[in-house]
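Below is one structure, written out as structure tokens, with a few remarks after it.
The values are calculated or read from the model by the stated rules, or taken from the named source; none is laboratory data. Remember, predicted model here, so these are calculated numbers, not experimental data. Here the Cβ positions follow ideal geometry from the backbone for every residue, glycine too, while neighbour counts run over all protein chains shown.
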Amino acid sequence: MATPRAVIFDLDGTLLDTLQDLGDSGNAVLEARGFPTHPIEAYRTFVGNGMMNLVRDIFPEGSRPEEGAETDQVLTEYRAAYGERWQNTTVPYPGVPELLDALAEAGIPIGVLSNKAHDFTVKCVDAFLPGWKWDVVLGARDGVAKKPDPAGAVEAASLLGLETTECCFIGDSDVDMMTAVNAGMLPVGVSWGFRSVEELRQAGAEVILETPADLPALVGIG
């Protein structure tokens, strides 16, 4: 594959360490409903498939909310809990600001594609990554299939005026790598996120970044 002309990032576990806030929000929902909570580390496997899946998966087998009104209610509760906690501990991963500076200096377009609800995706980018020009920011929206479906990645590339094959997709989960593969983007995994390097490789990662500083060379800068 030719050197990528644009970089599209996953958000949670890739650019931002959101685990504590996501986990605290899930535990608040469970506690309010009288269910046992999870260690924050357990949320590494709950996060990544969108809020709807998260609010079902955190409940014990046999007690998961049923599709429809019950799941919608729990999702409403989770959104309210996360709305109170999303800024408590979330920070960019070490090295991410310097990486974004390098990409900006080189004039390489950057974007975000997340399974986090679109409104929270935009809020997090604006709050925690405000110093850079984001060419596209897309979260989960009604009517658009979530990752690993390639729809969002194809849309992101189109908004950048590029073919998907001209973009790399950077992420920390199997969902991200499958998204890249399905869209025809270069699948690039990060070792510092929520999931294991083994999972990333098995899902199709062609490159594993050990630190954010490894990325510039991949796009021909630095």
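Put simply, of Asp149, Asp135 the only residue that is of a type in the set (D, E, K, R), without any contact (Cβ under 8 Å) to a residue 60 or more places away in the chain and either assigned by TED's automatic domain parsing to the domain that holds Val190 or under 20 Å from Met178 (Cα atoms) (or both) is Asp149.
Does at least one position in the stretch 108-122 carry a residue that is closer than 28 Å to Asn53 by Cβ, in contact (Cβ under 8 Å) with a residue 24 or more places away in the chain and surrounded by fewer than 17 Cβ atoms within 10 Å (Cβ to Cβ)? Among the residues of the stretch 108-122, not one is closer than 28 Å to Asn53 by Cβ, in contact (Cβ under 8 Å) with a residue 24 or more places away in the chain and surrounded by fewer than 17 Cβ atoms within 10 Å (Cβ to Cβ), which makes the answer no. Within the stretch 183-205, if we keep just the residues that are surrounded by fewer than 21 Cβ atoms within 10 Å (Cβ to Cβ) and among the hydrophobic types (A, V, I, L, M, F, W, C), the residue that is nearest to the chain's Cα centre (by Cα) turns out to be Trp192. When the residues of the stretch 198-222 are filtered to those that are of a type in the set (A, V, I, L, M, F, W, C) and part of a loop (DSSP other than H, G, I, E, B), the one that is modelled with the lowest pLDDT is Ile221. From the list Ala180, Ala157, the lone residue that is surrounded by 20 or more Cβ atoms within 10 Å (Cβ to Cβ), in contact with a Cys (Cβ under 6 Å, 6 or more places away or on another chain) and either modelled with pLDDT under 95 or more than 30 Å from Val29 (Cβ to Cβ) (or both) is Ala157.
Of the residues in the stretch 138-180, how many are among the aliphatic types (A, V, I, L, M) and closer than 17 Å to Arg5 by Cα? So the answer is 9.
When you check Glu67 against the structure, is it surrounded by fewer than 19 Cβ atoms within 10 Å (Cβ to Cβ), under 30 Å from Val96 (Cα atoms) and of a type in the set (D, E, K, R), yes or no? Against the criterion (surrounded by fewer than 19 Cβ atoms within 10 Å (Cβ to Cβ), under 30 Å from Val96 (Cα atoms) and of a type in the set (D, E, K, R)), Glu67 does not qualify. Look at (1) more than 30 Å from Glu84 (Cα to Cα); (2) buried (at least 18 other Cβ atoms within 10 Å of the Cβ) and you find that Ala213 fails only one, number (2).
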